[in-house]
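Read-outs: derived from the displayed coordinates by stated rules, not from any lab. All values derive from a computational prediction rather than experimental measurement. A quick note on method: Cβ atoms are made from the backbone with ideal geometry, for glycine too, and the neighbour counts reach across all protein chains shown.
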Amino acid sequence: MNQLPDWLKLRRGEAPLVISLPHTGTDIPAPMQPALRSLWLARKDADWWIDTLYDFAGELDATVIRTSVSRTVIDVNRDPSGLSLYPGQATTELCPTTSFDGEPLYHDGHQPDAAEIERRKAAYFTPYHDLLDHEIARLRAQHPKVVLYDCHSIRSVIPRLFDATLPHFNIGTNSGLACDDALTQAVEAHCAASGLDVVVNGRFKGGSITRLNGKPEAGVHAIQMELACRTYLDEPLGAVSEQNWPTPYDPAYAAPVRATLRTILQSCLDFARS
């Protein structure tokens, strides 16, 4: 590919594993900032510290793709047409105008219009997915199977999005269409062995990245992992404020789940190589 823009990060590996980090970015271009009510609010729903949690992926020679741009600018894990991935349930848009809690992100009358959304799609959404496509094709040419593992996290208690407290591990495979059952079962077994809660295709079934790229019949198996934040952070449950969110990353607190995630990624490689 041509030289990547500076916001798009690539660690290129040769193993049959691609790690996608679409929501760890917090950068918001300066021209967009005056329209926003609060930069903290605009960054509130980032997948905090997930890139740090998975920073061992390079040791497995995985390919890692990450955007440093905030999901408030554009969410590269939404349907590019703007259709909801979860019809009938609360969610946020391709270019979000509210937080997960329903708080408006923009000053009145300053939400991105159709032309601005198209500009952001061309500037950010398309390059991210083009890079994913390129790296998957590169590895698929070398390996019979490739696993795309899409990394996410979300606060454990968000009444607008789901009831009660979210399970620790939320595996999404587009209701089984995005990857082979054997891979799902292996990942689920490692989660269960941790002693924490796990659900498959519950509230989170996988976003645009999983749904667009998961093609088991073509040797590409996509799986999304949505971690409840308390799984790896000392998370304040319930409403959060600028004073207590995000919680700093604590390596000691994260160590147990990090060990589980290492076994999960190894099982993805074992599956791809089987």
| Filtered residue count, the stretch 10-49, keeping only those that are part of a strand (DSSP E or B), out of contact with any His (no Cβ under 9 Å at 6 or more places or on another chain) and over 16 Å from residue 62 (Cβ atoms) | 1
| task | Scan the stretch 9-35 for residues that are surrounded by fewer than 19 Cβ atoms within 10 Å (Cβ to Cβ) and among the aliphatic types (A, V, I, L, M) and report the count. | result | 5
| message | Return the pair list, or none, for Cβ contacts closer than 8 Å from residues in the stretch 120-149 that are over 28 Å from residue 27 (Cβ atoms) to residues that are among the acidic types (Asp, Glu), at least 6 apart or on different chains. | response | 142/14
| task | Search the stretch 36-68 for residues being surrounded by 16 or more Cβ atoms within 10 Å (Cβ to Cβ), in contact with a strand residue (DSSP E or B) (Cβ under 8 Å, 6 or more places away or on another chain) and among the small types (Gly, Ala, Ser), and hand back the single one that is nearest to residue 220 (Cα to Cα). | result | 62
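Residues are listed down the side, and each one gets a yes or a no for (1) within 29 Å of residue 272 (Cα to Cα); (2) acidic (Asp, Glu); (3) in a loop (DSSP other than H, G, I, E, B):
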site	(1), (2), (3)
52	yes, no, no
59	yes, yes, no
64	yes, no, no
72	no, no, yes
87	no, no, yes
108	no, yes, yes
121	no, no, no
133	yes, yes, no
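Can you work out which of the residues in the stretch 83-105 that are among the small types (Gly, Ala, Ser) and either touching a residue at least 24 places away in the same chain (Cβ under 8 Å) or in contact with a Cys (Cβ under 7 Å, 6 or more places away or on another chain) (or both) is farthest from residue 160 (Cα to Cα)? Before you say what the answer is, go through the steps one by one.
Keep residues of the stretch 83-105 that are among the small types (Gly, Ala, Ser), which gives 84, 88, 90, 99, 102.
In the following step, the residues that additionally are either touching a residue at least 24 places away in the same chain (Cβ under 8 Å) or in contact with a Cys (Cβ under 7 Å, 6 or more places away or on another chain) (or both) were identified as 90, 99, 102.
On the way: 90: 7, 99: 10, 102: 7 Å.
Residue satisfying both the conditions and the ranking: 99.
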| field | Cross-chain or 6+ apart pairs with Cβ under 9 Å, the stretch 29-57 first and of a type in the set (S, T, N, Q), then outside any loop (DSSP other than H, G, I, E, B) | value | 33/39; 33/42; 52/251; 52/254
| message | Among the residues in the stretch 222-241, are any aliphatic (A, V, I, L, M), assigned to a helix (DSSP H, G or I) and in contact with a strand residue (DSSP E or B) (Cβ under 9 Å, 6 or more places away or on another chain)? | response | no
| All but one of (1) crowded, with 16+ Cβ neighbours inside 10 Å; (2) over 27 Å from residue 236 (Cα atoms); (3) out of contact with any strand residue (DSSP E or B) (no Cβ under 9 Å at 6 or more places or on another chain) hold for residue 130; which doesn't? | (1)
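Hey, among 132, 183, 177, 166, which residue is within 17 Å of residue 21 (Cβ to Cβ) and within 20 Å of the chain's Cα centre (by Cα)? First the steps, then the outcome.
Details: 183 fails: within 17 Å of residue 21 (Cβ to Cβ); 177 fails: within 17 Å of residue 21 (Cβ to Cβ); 166 fails: within 17 Å of residue 21 (Cβ to Cβ).
Within the list 132, 183, 177, 166, the selection yields 132.
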| task | Working only within the stretch 242-261, note down all residues that are farther than 24 Å from residue 172 by Cα and part of a helix (DSSP H, G or I). | result | 251, 252, 253
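Any residue at all in the stretch 162-181 that's of a type outside the set (D, E, K, R) and in a helix (DSSP H, G or I)?
Taking the stretch 162-181 first, the residues of a type outside the set (D, E, K, R) are 162, 164-179.
From the residues that got through so far, the ones that are in a helix (DSSP H, G or I) too are none.
So far as the stretch 162-181 goes, no, none of its residues is of a type outside the set (D, E, K, R) and in a helix (DSSP H, G or I).
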